[in-house]
Amino acid sequence: MTTDSLKKALDELSSIQREIVEWDTGSFFVLAGPGSGKTRILTCRIARILDLTRDKNFRILALTFTNKAADEMRRRIDEYVPGMENRLFIGTFHSFCAEILRQQGSQIGINSNFNIYSLDADLQAVLSKAITKVKRIHDVEIRPDKNLLAVIHSLKSRLVLPENCSVLFQDKENGEEAALLYKAYEDELTKSNALDFDSLIFKTYELFTKYPAIAKRYRTVYQYLCIDEFQDTNSSQYSLVRAFTGDEYKNVFIVADDDQIIYQWNGASYKRIEELIDDYSPKKIQLPLNYRCPPEIVELANNLISHNFLRTANKKPLESFRLSSGQETVRLLPSFEDLSSEVSGIAKDIRDHYLDNLSSVAILGRNRMLLDSAKEALDNEGLGAIILQRKDNFESTPFKWLYSILDLANNQQNQISLESVCGTFAQLTQIKVDVEEVIRRAGISNNGYLQQWIKIIQQRNVDEMAREIIDKTFRYLVQGRDFISYINFAKDWFKKLVAVNQKTIEISTDEVFAGYLEELPIWNDLVTQITRLLGDALTLEAFLQELQLHSKEPIPDKDKVVLMTIHGAKGREFDHVYIIGLVDGILPSYQSMRNGDYSPEMEEERRNCFVAITRTIKKLTMSYAGKYNGWYRSPSRFINEMGLFTCNSEV
């Protein structure tokens, strides 16, 4: 029975949106411009299929590029068709691959409780061990170089195996050394029972191609495939899609916009859409109607992006659904002297116009340097501000300890996790346990590291609070696997520790608890998200793997200005947008200028600017200065391409 919320959502669709949502079987390609309602289309289509097939058992697979987008889609679908979550997987490519490898990875030698290494420090440690191994065995001199990881990343993202990579290098000796190092790097990951992000895609592709019957089984289960932001796929992700679908499967529903390809550095390319059309021959529909931006901003966007050539032929320009309000919608501020005066002027402007509604404001910049300067200026004005940027790990001592002890419970021979458990627990309780003693005693007694660590502390005279957490650790993580109850108890324990510490020291200045209060809501939110995502498949190893895949970026406060890079802002929208640093050499970047006005790099920079301006719901303000870091800069050529030099409103 169709819910009222789904009926209402379907009734609110335009005729062309309704046509897309009601598409039944076969391949379908939607070229959806910014603000065209693509999330509504995707969620309504999925909900409608589930609603019409309540007596069926097949599942729907929906892939996107951020967990935030996946969570939003999942929330809407649950509202439209409650109780259908078991017939749906919505997540990133990496989350989907992690689930596949948990279920079937043993076929290619992967343990289900594998770790996911996302931090550069972890990957550099693996690389260092690989270099040492190659030097020792092959007597080859390889110097540690940050570019080595990038080389391995490039090879894996192209699905090139170590034994096949040497021929790709012009220099034969370099190719042979790269092959040895790549192989040693993979061996070290295997030894650590770990995968990096590239491995998740590569290993799943390997599984599907080596065992086609497994891919066929998943095709049978997931009878519909939906991919959001398809323009962001790189060659390995698209190869994975091809391996999943095979030659017969055609229920592929794709949403993309070639004007928002801003991840060329990760392998995204306008050619991917051409490959899709050649491989699947989909029905094609364009959605140029923009519901988000005022018409003045839509005009700017069309003026700007019309200078690009690497886009779909005969693509329609954006159209504004909204009528002009007659109010000032676009401002280009007069040139500032330098970056310091620019961000100071912006901060004062925000104070004067939006002091009572700071959370409606976003400042976007091409790089982190601009954002740091803007935040300092906002701080100087007494305005709340937060820089939102992907953060891969928890940094406060309590949550570093909680994660590491869960990780040690999942893999009781993990020395890295043991070292973290010992170090952070000593910071929290002043109880020191020697790592080498744990390892030595565990070897003698045949215990795992976690059990031996607990045993050593139990033999000591410790206070009641420490005794309690140790007893609960043994009960929930050694005797049983009730890690959710353990997490809840650990958070209560943290509260008690905070209360005790507050009696002797101001908690905000206590190094042990630095960042704890900020990370608490992030941890709670992630536990809720992951528990909902995994459902009945919730296990400790699955939870930890998903935790590694999710960003730990802070949740914005309601009274703070949000600062983001343009890349980070993609997929978001804000009432009032400020774009700073609009000069040649920043936007567009210096590298794109070196490659030429008609280079793919320059076109991507133009798409960056296109993405930035189309985040706006109400008002757009742009600024530039004459000098950055001591270097004189000219106003961005994109300002002229938008036709903006007639706007000279002052701060």
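The values are calculated or read from the model by the stated rules, or taken from the named source; none is laboratory data. It should be emphasised that the depicted structure is a prediction, and the values quoted were computed from it without experimental measurement. Here the Cβ positions follow ideal geometry from the backbone for every residue, glycine too, while neighbour counts run over all protein chains shown. Remember, those area values only see protein heavy atoms, side chains included, never the ligands or the DNA or RNA. Shrake-Rupley method; radii C 1.70, N 1.55, O 1.52, S 1.80 Å.
Observations
- Count - residues of region 47-70 that are more than 29 Å from Glu319 (Cα to Cα), in a helix (DSSP H, G or I) and touching a helix residue (DSSP H, G or I) at 6+ places or on another chain (Cβ under 9 Å): 3
- Residue in region 550-559 that is at pLDDT 95 or above, open to solvent by less than 10 Å² (accessible area, probe 1.4 Å) and not basic (Lys, Arg) present: no
- Region 480-501 - residue that is modelled with pLDDT under 90 and in a loop (DSSP other than H, G, I, E, B) and, of those, nearest to Ala542 (Cα to Cα): Arg481
- For beta carbons closer than 7 Å, sequence separation of 6+ or different chains, a first residue in region 457-474 that is in a helix (DSSP H, G or I) and a second that is open to solvent by 70 Å² or more (accessible area, probe 1.4 Å) and not charged (D, E, K, R), the qualifying pairs are Ile470/Gln458.
- Cβ-Cβ under 7 Å pairs, at least 6 apart or on other chains, region 623-643 side farther than 21 Å from Ala362 by Cα, far side aromatic (Phe, Trp, Tyr): Gly626/Tyr632; Pro635/Tyr624
- Taken together, the residues in region 502-523 that are among the hydrophobic types (A, V, I, L, M, F, W, C), at pLDDT below 85 and either assigned to a loop (DSSP other than H, G, I, E, B) or farther than 21 Å from Ala426 by Cβ (or both) amount to 1.
- Within the span defined as region 207-222, one or more residues are part of a strand (DSSP E or B), touching a strand residue (DSSP E or B) at 6+ places or on another chain (Cβ under 9 Å) and at pLDDT 95 or above.
- If you go through region 284-301 and keep only what is assigned to a helix (DSSP H, G or I) and open to solvent by 40 Å² or more (accessible area, probe 1.4 Å), you end up with Glu296, Glu299.
- If you filter region 63-96 down to residues that are within 17 Å of Phe230 (Cα to Cα) and open to solvent by 20 Å² or more (accessible area, probe 1.4 Å), you find that the one that is nearest to the chain's Cα centre (by Cα) is Thr66.
- Total residues in region 592-622, condition assigned to a helix (DSSP H, G or I), more than 29 Å from Val562 (Cβ to Cβ) and touching a residue at least 24 places away in the same chain (Cβ under 8 Å): 1
- The requirement of being over 22 Å from Ile41 (Cβ atoms), open to solvent by 10 Å² or more (accessible area, probe 1.4 Å) and in contact (Cβ under 8 Å) with a residue 12 or more places away in the chain is fulfilled nowhere in region 248-261; no residue meets it.
- Filter result for the condition that a residue is open to solvent by 50 Å² or more (accessible area, probe 1.4 Å) and either within 23 Å of Phe96 (Cα to Cα) or assigned to a helix (DSSP H, G or I) (or both), over Arg272, Arg242: Arg242
- Across region 393-423, the number of residues qualifying as farther than 18 Å from Val527 by Cβ, of a type in the set (A, V, I, L, M, F, W, C) and open to solvent by less than 30 Å² (accessible area, probe 1.4 Å) comes to 4.
- Single match in Lys183, Lys156, Lys135 (criterion: of a type outside the set (Ser, Thr, Tyr), open to solvent by 50 Å² or more (accessible area, probe 1.4 Å) and closer than 30 Å to Gln103 by Cβ): Lys183
- Scope region 1-46; condition assigned to a helix (DSSP H, G or I), farther than 22 Å from Arg322 by Cα and under 25 Å from the mean Cα position of the chain (by Cα); matching residues: Leu42, Thr43, Cys44, Arg45, Ile46
- Tallying residues that are of a type outside the set (A, V, I, L, M), out of contact with any Leu (no Cβ under 8 Å at 6 or more places or on another chain) and over 28 Å from Ala47 (Cα atoms) within region 205-228 yields 5.
- Looking only at region 302-324, and only at residues there that are open to solvent by less than 50 Å² (accessible area, probe 1.4 Å), hydrophobic (A, V, I, L, M, F, W, C) and assigned to a loop (DSSP other than H, G, I, E, B), the one that is nearest to Asp259 (Cα to Cα): Leu310
- Subset of region 424-438 [exposed (fewer than 15 other Cβ atoms within 10 Å of the Cβ) and aliphatic (A, V, I, L, M)]: Ala426
- Test result for Val577, β-branched (Val, Ile, Thr) and open to solvent by 20 Å² or more (accessible area, probe 1.4 Å): no
- Some residue of region 611-625 being modelled with pLDDT under 95 and in contact with a Ser or Thr (Cβ under 9 Å, 6 or more places away or on another chain): no
- Test: residue in region 109-118 that is open to solvent by 30 Å² or more (accessible area, probe 1.4 Å) and free of Cβ contacts under 8 Å to residues at least 60 places away in the same chain: no
- Per the listing Gln223, Gln286, the residue uniquely in contact with a Lys or Arg (Cβ under 9 Å, 6 or more places away or on another chain) and over 20 Å from Lys38 (Cβ atoms) is Gln223.
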